[in-house]
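K.L.:
One structure is given below, represented as structure tokens, and several questions about it will come after.
Values quoted throughout were computed directly from the atomic coordinates according to the rules given, and no laboratory measurement underlies them. Everything numeric here is computed off the predicted structure, so don't read it as measured data. We place every Cβ from the backbone using ideal geometry, glycine too, and count neighbours over all the protein chains shown.
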Amino acid sequence: MTAPTEQDQRYTEAAAEFGPALERLAHGYEVHAERRRDLVQDIHLALWRSFRAYDVRCSLRTWVYRVAHNTATTHILKERRRHDRQWVSLDDDLPSEAASAEETIYHQQALDRLTGLIQRLKPQDRQIILLYLENIDTAGMAEVTGLTPSHVATKIHRIKARLARLFHQGAAS
């Protein structure tokens with residue numbers, strides 16, 4: 001058995017640290033379970049390949065998210081061209097078991113509406129809000145997206161306002 005290369009070691013470290021976040025990211029881009037599994041594999045393969053060129057000028061987190069988002073965006077655009085479909089919905093965990101059935105249903109309906117709205121955002125806006133939901137700071141988002149931190153902060157504010165407005169308009173109808 002051969003010793004792991006630096007590429008293998010970096011990938012192993014990244015997969016261990018960011019694996020759950022990559023799963024959530026894939027879930028945010030692809031709702032269909034089989035295609036989501038393919039997307040996760042594509043992300044991991046792209047990530048492993050990318051470490052041949054990784055030169056530590058940016059943080060590991062920034063590198064991982066940039067590769068993952070680029071791979072996911074490419075996946076969605078290919079699927080969209082292939083099937084001419086709308087953006088897919090995000091799913092999230094249900095509230096705790098202690099919640100009543102009515103609360104669970106209300107929470108899931110609200111989540112479905114919100115994720116449907118997120119899915120209709122432009123790819124860069126979707127990328128920013130998904131990074132925001134992963135608690136990445138504006139400096140980290142700026143590194144991933146190539147925007148300035150102040151531009152990212154402005155976009156977050158606008159995206160949240162737009163989502164809130166659309167969400168409440170949907171509740172009124």
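K.L.:
Whole angstrom only: what separates the Cα centroid of the stretch 28-54 from the Cα centroid of the stretch 142-156?
P.N.:
That distance is 24 Å.
K.L.:
Of all the Cα-Cα pairs you can form in the stretch 1-88, what percent are over 14 Å apart?
P.N.:
When every Cα pair of the stretch 1-88 is considered, 64 percent fall beyond 14 Å.
K.L.:
DSSP loop (so not H, G, I, E, B), at most 11 other Cβ within 10 Å: list which trypsin sites (Lys or Arg not before Pro) in the stretch 28-83 pass both filters.
P.N.:
ARG52, ARG57
K.L.:
Taking a virtual spin label 7 Å from the Cα of THR148 along the C-beta vector, which residues in the stretch 48-74 bring their backbone nitrogen under 14 Å of it?
P.N.:
none
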